[in-house]
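Values quoted throughout were computed directly from the atomic coordinates according to the rules given, and no laboratory measurement underlies them. Source: prediction; values computed, not measured. Quick reminder, even Gly has a Cβ in these numbers, built from the backbone with ideal geometry, and neighbours come from all protein chains shown.
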Amino acid sequence: MKLRNKLIAIPLTLITVSGLFSCSKKIDEAYTNPNASTRVPVETLLPGIIGNFVGSSSAQGSAYGIANDGLYTGRYAQFWATNTTANQYDQMGGATGASDILGSIWAMHYYGHGANLSKMIEWATEDKKWDYVGVGYAIRAWGWLTLTNMYGEAILRQAFDPNRLVFDYDSQEDIYAETRRLCHVAIEYLSKTGDGVSQANLALGDAYFYNGDVNKWKKFCYSVLARSFNHLTNKATYNPDSVIYYANLGILDNADNASAKFAATGLSGTYNFFGPFRGNVGALRQSRFIANLMTGLNPTFLSVNDPRAPYIIRENTNGTYRGVRPNKGTDGLATNDQPQNFWGGAFSSTAAPGTDATCRYIFRNGSPFPIITAAEVHFMKAEAYLRKGPAFAAQARQSYIDGINASFDMLTGTPDYHNSVPGAMQITPGVKAAYLANPTVVPAVGNLTRSHIMLQKYIAMYGYGVVETWVDLRRYHYTDLDPVTGQQVYADFAPPTGTDLFTNNAGKWVYRARPRYNSEYLYNIAALSSVGGLALDYHTKEQWFSQP
């Protein structure tokens with residue numbers, strides 16, 4: 001009897017389960033489980049991944065990318081300072097308390113790119129869309145280098161493992177090695193043809209970066225490789241030939257510049273992070289350092305007025321260019337000498353204008369935001385040739401000239417960078433030629449110094465080089481001396497000291513950001529402790545890349 005009852009029960013159970021399955025299937029079709037693994041076309045993933053380069057938004061947070069953190073690292077590099085006093089980031093302080101400030105690049109790499117990028121690579125591999133695979137590896141390589149240059153030690157080997165709740169930290173040296181490995185993997189895939197490779201199809205996901213041009217993506221990878229070797233100038237293993245080799249394969253023409261582009265329509269994320277629509281730079285004012293550098297008050301370029309000034313910084317009511325020092329507010333400037341804000345408003349105004357008609361350069365709503373440019377790559381070459389010794393003085397000088405040329409041409413050749421510059425201030429071919437003919441700017445062969453190169457690189461990357469310029473300053477420990485002149489490489493650069501330095505710094509300058517609070521300081525404390533991340537002065541701990 002029991003056996004019979006069991007036999008009868010079997011078909012009844014099957015019928016019941018079948019009915020429930022049919023009902024469940026209809027529910028699942030109507031209400032997709034947001035936590036389920038969903039297969040989507042890789043073409044729809046790439047736009048959001050590219051958006052994370054600069055500053056993305058999502059339901060889990062906003063502003064992940066280099067621009068949001070750049071509001072603060074730009075203060076460390078003295079691109080700008082706050083228009084009031086007592087700001088801890090003007091004072092080279094790190095994030096404190098339950099704050100995610102300076103955690104945007106961390107979130108960009110592990111969350112914004114994170115599993116999205118991993119899935120794009122996985123699914124593109126299944127579809128044999130090798131160009132998407134190559135782009136995925138290229139972005140991940142760039143992400144690793146950017147991440148570690150911001151934070152130092154980070155999670156590498158256990159990253160993106162969905163089965164873990166806590167993660168161990170790995171060394172910066174290992175992350176540099178992984179960056180280089182992935183660049184070569186990316187180049188290998190980007191060189192493949194056939195199967196699902198298609199420029200037109202890649203352009204569907206790549207419309208706001210390289211529009212499907214795999215050759216430009218390869219140059220992007222080579223430029224990342226050049227960066228990775230260029231950063232190690234303090235080490236005995238530094239090899240200038242590696243910098244030069246990869247730079248020569250990289251971005252050497254503005255047509256190949258890696259820039260995130262914006263439609264500037266509809267949702268906030270379609271606008272440049274520094275433009276008035278998003279309203280993020282209202283309290284920032286240009287530094288005295290950049291203003292002096294461009295108006296003949298810096299000892300390296302004494303009495304030389306740089307014609308790029310009206311393009312990248314702002315004049316005051318008197319029509320001159322002045323700036324402020326960190327933590328000094330108006331810095332004692334009379335009202336008519338105080339520089340406009342980056343949108344063309346008064347120094348005292350933090351409100352964003354309704355349009356970007358008075359905005360210039362990367363501070364317009366639709367302006368492209370550079371990630372890597374030809375100017376930067378030429379200056380990397382110039383520094384490497386100079387470090388090779390006197391026999392390469394001519395090559396160093398030519399690369400230096402090429403870097404300045406690329407900087408000028410990017411400004412004059414990009415409509416959003418020059419459209420709002422008054423006609424009388426526009427750079428003409430004659431103006432550029434006169435600047436380059438000035439021996440104070442371009443000295444004779446054999447007289448070029450590191451100061452020349454690094455200060456011109458600083459100008460060329462002003463505003464957008466929020467991580468890379470900070471890397472350069474840290475490589476030179478902010479105040480290292482030029483072996484030729486005996487003066488600071490970054491002549492006239494004055495980091496905060498005394499009461500202008502944040503109290504937690506214990507008299508030291510900043511060398512890293514702490515990892516993102518809302519992941520590491522809540523859930524990964526043991527790993528943080530292993531690298532000293534709980535110390536109040538952790539942000540002053542020097543990184544591997546800048547050490548001997």
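Structure notes:
- Divide the volume of the convex hull around the Cα atoms of the stretch 175-279 by the residue count and you get 150 Å³ per residue.
- Size of charge dipole - the chain - debye, nearest 20, with Cβ of Lys, Arg +1 and Asp, Glu -1, no other charges: 680 debye
- Summed residue charge, Cβ within 11 Å of residue 118's Cβ, Lys/Arg positive, Asp/Glu negative: 0
- Over the chain, DSSP H runs of length four or greater, each weighted -39,500 (n - 2.57), average out per residue to a 222 nm ellipticity of -13000 deg cm²/dmol.
- Ranked 303, 287, criterion: other C-beta atoms within 10 Å, fewest first: 303, 287
- Rg and Dmax [Cα atoms of the stretch 287-475; Å; Rg one decimal, Dmax integer]: 16.8, 55
- Taking only the Cα atoms of the chain, the ratio Rg/Rh comes out at 1.03, with Rh defined as the Kirkwood radius.
- For the stretch 492-514 and the stretch 363-421, distance of Cα centres in Å: 29 Å
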